[in-house]
1. Here is a check on your reading of the model: is ASN83 open to solvent by 70 Å² or more (accessible area, probe 1.4 Å) and of a type in the set (S, T, N, Q)?
2. Output the number of the condition that LEU93 fails; it satisfies all remaining conditions of (1) among the aliphatic types (A, V, I, L, M); (2) within 29 Å of ARG115 (Cα to Cα); (3) part of a helix (DSSP H, G or I).
3. Quick check on segment 64-81. Is at least one of its residues closer than 26 Å to MET113 by Cα and not in a helix (DSSP H, G or I)?
4. So which residues in segment 34-69 are surrounded by 10 or more Cβ atoms within 10 Å (Cβ to Cβ) and either acidic (Asp, Glu) or in contact with a strand residue (DSSP E or B) (Cβ under 7 Å, 6 or more places away or on another chain) (or both)?
5. Given the residues MET55, MET48, which is the only one that is outside any helix (DSSP H, G or I) and of a type outside the set (D, E, K, R)?
6. Cβ-Cβ distance below 6 Å, separation of 6 or more or different chains: which pairs start in segment 22-48 with a residue that is within 15 Å of LEU78 (Cα to Cα) and end on one that is assigned to a helix (DSSP H, G or I)?
Amino acid sequence: ITKAKQDAVVKQLEVEVAKMSENLQGLKKAAKEEKAQSNMTAHLKATMKDKDKAMLDKMDQWSARMNDKARISGLNVLSKLKNAIHLIKKGALAGNGKAADDLGNVLKQMTAMTR
């Protein structure tokens with residue numbers, strides 16, 4: 001692959017890394033807002049029946065768990081993208097056999113994540 005094509009691939013991957021980083025920041029912001037809302041719902045819980053309180057608590061726990069899973073998955077993808085960029089810059093597409101093998105492994109891991 002030519003140097004120009006390699007640079008284009010790296011540039012596109014860096015754009016994706018920037019988007020992913022921005023999305024992760026959005027998740028952190030959403031989690032903070034959710035935590036602030038849970039403080040406001042404490043007043044509402046005081047007026048609820050026990051079953052309703054339990055349901056609301058369970059929903060809050062589910063939401064927090066899903067936010068954590070999304071954040072961890074996002075960090076995993078971000079790490080793989082950065083690793084791919086590193087390996088491409090190292091010469092994975094330009095003939096470096098070890099870097100190419102490592103890039104193949106990273107791509108396999110990313111493929112397994114989508115299943």
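The values are calculated or read from the model by the stated rules, or taken from the named source; none is laboratory data. Remember, predicted model here, so these are calculated numbers, not experimental data. Quick reminder, even Gly has a Cβ in these numbers, built from the backbone with ideal geometry, and neighbours come from all protein chains shown. We work out accessible area using only protein heavy atoms, side chains counted, and drop any ligands, DNA or RNA first. Shrake-Rupley method; radii C 1.70, N 1.55, O 1.52, S 1.80 Å.
1. In short, no.
2. (3)
3. no
4. Scanning segment 34-69 gives GLU34, ASP52, ASP57, ASP60, ASP68.
5. MET48
6. That search, which allows pairs on different chains as well, returns LEU24/GLY74; LEU27/ALA70; LEU27/ARG71.
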